[in-house]
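The values are calculated or read from the model by the stated rules, or taken from the named source; none is laboratory data. What you see is a predicted model; the values in this text were computed from it and never measured. All Cβ positions, even for glycine, are placed from backbone atoms using ideal geometry, and neighbour counts span all protein chains on display. Heads up: the accessible areas ignore ligands, DNA and RNA and are worked out on the full protein's heavy atoms, side chains in. Shrake-Rupley method; radii C 1.70, N 1.55, O 1.52, S 1.80 Å.
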Amino acid sequence: MSRIISVLGSTGSIGRQSLEVMERCHMRAAALTARVNVTMLEAQARKFHPRLAVMTDPKAASDLRVKLADTEIRVLSGPEGLLEAATIPDADTVITGVVGVAGLAPTLAAIRCGKRIALANKETLVCAGELVMEQADACGAEIIPVDSEHSAIFQCLQGNRDRGEVKRLILTASGGPFFGYSKEQLRGVTLAQALHHPNWSMGAKVTVDSATLINKGLELIEAMRLYRMPPEKISIVIHRESIIHSMVEYCDHAVLAQLGAADMRLPIQYALTWPDRIAGPARELDLLHCSPLTFAAPDLNAFPGLKLAMNAAARGGTAPAVFSGANEAAVDLFLREKICFSRIPELVGDALCEVSHICKPQLEDIMAADQMARQSVRRRFS
Ligand SMILES: NC(=O)c1ccc[n+]([C@@H]2O[C@H](COP(=O)([O-])OP(=O)(O)OC[C@H]3O[C@@H](n4cnc5c(N)ncnc54)[C@H](OP(=O)(O)O)[C@@H]3O)[C@@H](O)[C@H]2O)c1
């Protein structure tokens, strides 16, 4: 499989696992990017020999330039560097493993170049999904999901020619570390507990999002955009074992599911090799030793962030961008131990009430809504 890949966010959880897949599947790197982790990016650059290495932090970029002075690798900095990595002519594919809305501009730039997007950065589709999908159609760029749930749905939809045959998409959710907790119990949980996901090892922001169930809300909006389905045709089911990664129910009531070990290297690899499948590094699922599969409804009272996402999904316009931007700002405060866990959905809810709504936003409106949502959170906190 001869893909040449630009990995945005190569030092993160998705980025590191992408490089494992690429190594195993003999795929080359055209560009690697990170924000501040110079040591890891240097090691990755020496191993994968990309043409370009980018640190978005300017000081980190200067350090990396010195460290890679004995190589031919070009080192760039800032958001412009990230855009260059996303559009580098050598790459046919871009993996978007950057966290947060910082992934939006490079994803759009890569789409304009007609590259395949292996999309991990869910905030891109949440904030500007309609614009992103329109642009992908116009430029003939393929967007293949990396998120395990959306990859599962993508796999269950293979061979489906008429979307009208699909009754609903069923997103599974592990329920995170606080499944079964009451609202009162959630007030006392710590950062360390929130960062301890039962099934998946991921970056800090998405791990906290999983604990609030806001991750499932972001995924609901992502699924609406990717599969052009209304929110009422997307259900969320708690499935503690994370073995079924999501399902599609057809109009004849056949339910197709994709099962596998909780290993992101499989959906990453499929986004790179689709429509083909090849052997790769992902773990095998041992059906005879996995626990019984269970299903439950999410508790919207204890986890109001999911309900807020459902409302933002139904409202559309700038509401998903406000939801996502406010959540990023609130999670950042939680990770710095400035607010308690229960404040995250409260601050997101306040921002959704406060920021004025635009029904048919342009990109500038979306970026402005994201900024206003962050300001709303910071103002209430300070
Ligand atoms: N991890 C998973 O299993 C998983 C599963 C599904 C979806 N996702 C989605 O994939 C995305 C990445 O998640 P992750 O868990 O891999 O995150 P992560 O471990 O925090 O890694 C983020 C990567 O992006 C870089 N980065 C952070 N902020 C940046 C900025 N403002 N500008 C440019 N680069 C920046 C980081 O560089 P430094 O290391 O230098 O900070 C790192 O390389 C998220 O949108 C997440 O929701 C992740």
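Within the stretch 17-37, being near the ligand (Cβ under 8 Å from one of its atoms) and not polar (S, T, N, Q) holds for Ala34, Arg35, Val36.
Inspect all residues belonging to the stretch 102-115 and state whether any of them is at pLDDT 95 or above and closer than 20 Å to Ser246 by Cβ. Within the stretch 102-115, not a single residue is at pLDDT 95 or above and closer than 20 Å to Ser246 by Cβ. Within the stretch 282-290, can one find any residue that is within 16 Å of the ligand (Cβ to nearest atom) and open to solvent by 10 Å² or more (accessible area, probe 1.4 Å)? Yes, the stretch 282-290 contains a residue that is within 16 Å of the ligand (Cβ to nearest atom) and open to solvent by 10 Å² or more (accessible area, probe 1.4 Å). Applying the condition of being more than 17 Å from the chain's Cα centre (by Cα) and outside any helix (DSSP H, G or I) to the stretch 144-160 and asking which residue is surrounded by the most Cβ atoms within 10 Å (Cβ to Cβ) yields Leu157. The residues listed here are Ala192, Ala254; of these, the one that is more than 16 Å from the ligand (Cβ to nearest atom), surrounded by fewer than 19 Cβ atoms within 10 Å (Cβ to Cβ) and closer than 23 Å to Ala330 by Cβ is Ala192.
Suppose we filter the stretch 76-93 for residues that are crowded, with 24+ Cβ neighbours inside 10 Å and within 13 Å of the ligand (Cβ to nearest atom); how many remain? Total satisfying the criteria: 3.
Check the stretch 213-223 and report whether any residue there is surrounded by fewer than 16 Cβ atoms within 10 Å (Cβ to Cβ), polar (S, T, N, Q) and either at pLDDT 95 or above or more than 10 Å from the ligand (Cβ to nearest atom) (or both). Scanning the stretch 213-223, I find no residue that is surrounded by fewer than 16 Cβ atoms within 10 Å (Cβ to Cβ), polar (S, T, N, Q) and either at pLDDT 95 or above or more than 10 Å from the ligand (Cβ to nearest atom) (or both), so the answer is no. Tell me, yes or no, whether the stretch 41-59 has at least one residue that is near the ligand (Cβ under 10 Å from one of its atoms), open to solvent by 10 Å² or more (accessible area, probe 1.4 Å), farther than 16 Å from Thr11 by Cα and not aromatic (Phe, Trp, Tyr). No: zero hits.
Restricting attention to the stretch 259-277, the residues that are within 16 Å of the ligand (Cβ to nearest atom) and farther than 19 Å from Leu288 by Cβ total 9. Residue count for the stretch 113-130, restricted to those that are in a loop (DSSP other than H, G, I, E, B) and open to solvent by less than 10 Å² (accessible area, probe 1.4 Å): 1. Restricting attention to the stretch 272-314, report how many residues are in a helix (DSSP H, G or I) and more than 30 Å from Ile358 (Cβ to Cβ). Qualifying residue count for the region: 5. Give just the number: which of (1) at pLDDT 95 or above; (2) open to solvent by 50 Å² or more (accessible area, probe 1.4 Å); (3) over 20 Å from the mean Cα position of the chain (by Cα) does Gln371 not satisfy? Unmet for Gln371, out of (1) at pLDDT 95 or above; (2) open to solvent by 50 Å² or more (accessible area, probe 1.4 Å); (3) over 20 Å from the mean Cα position of the chain (by Cα): (3). Tell me which residues, restricted to the stretch 161-176, are open to solvent by 30 Å² or more (accessible area, probe 1.4 Å) and either over 15 Å from Tyr227 (Cβ atoms) or in a loop (DSSP other than H, G, I, E, B) (or both). If the condition is that a residue be open to solvent by 30 Å² or more (accessible area, probe 1.4 Å) and either over 15 Å from Tyr227 (Cβ atoms) or in a loop (DSSP other than H, G, I, E, B) (or both), then Arg161, Asp162 are the ones that fit. Beta carbons closer than 8 Å, at least 6 apart along the sequence or on distinct chains, pair a first residue in the stretch 342-356 that is farther than 18 Å from Leu191 by Cα and open to solvent by 20 Å² or more (accessible area, probe 1.4 Å) with a second that is modelled with pLDDT of 95 or more and polar (S, T, N, Q) for Asp350/Ser376; Leu352/Asn311; Glu354/Ser376. Thr71: more than 15 Å from the ligand (Cβ to nearest atom), open to solvent by less than 50 Å² (accessible area, probe 1.4 Å) and not hydrophobic (A, V, I, L, M, F, W, C), yes or no? Judged against the criteria, Thr71 is a match.
Of the strands (runs of 3 or more DSSP E) contained entirely in the stretch 1-112, those carrying at least 3 residues that are closer than 26 Å to Pro275 by Cα and touching a helix residue (DSSP H, G or I) at 6+ places or on another chain (Cβ under 9 Å) fall at 4-8, 28-34, 93-96. The C-beta contact set for the stretch 1-26 (first residue open to solvent by 30 Å² or more (accessible area, probe 1.4 Å) and basic (Lys, Arg), second residue within 13 Å of the ligand (Cβ to nearest atom) and part of a loop (DSSP other than H, G, I, E, B), distance under 7 angstrom, 6+ apart or interchain) is empty.
On the given criteria, is Ser62 away from the ligand (no atom under 12 Å from the Cβ), at pLDDT 95 or above, more than 28 Å from Ala368 (Cα to Cα) and of a type outside the set (A, V, I, L, M)? The answer is yes for Ser62.
Restricting Ala138, Ala102 to those that are within 11 Å of the ligand (Cβ to nearest atom) and open to solvent by 40 Å² or more (accessible area, probe 1.4 Å) reduces the list to Ala102.
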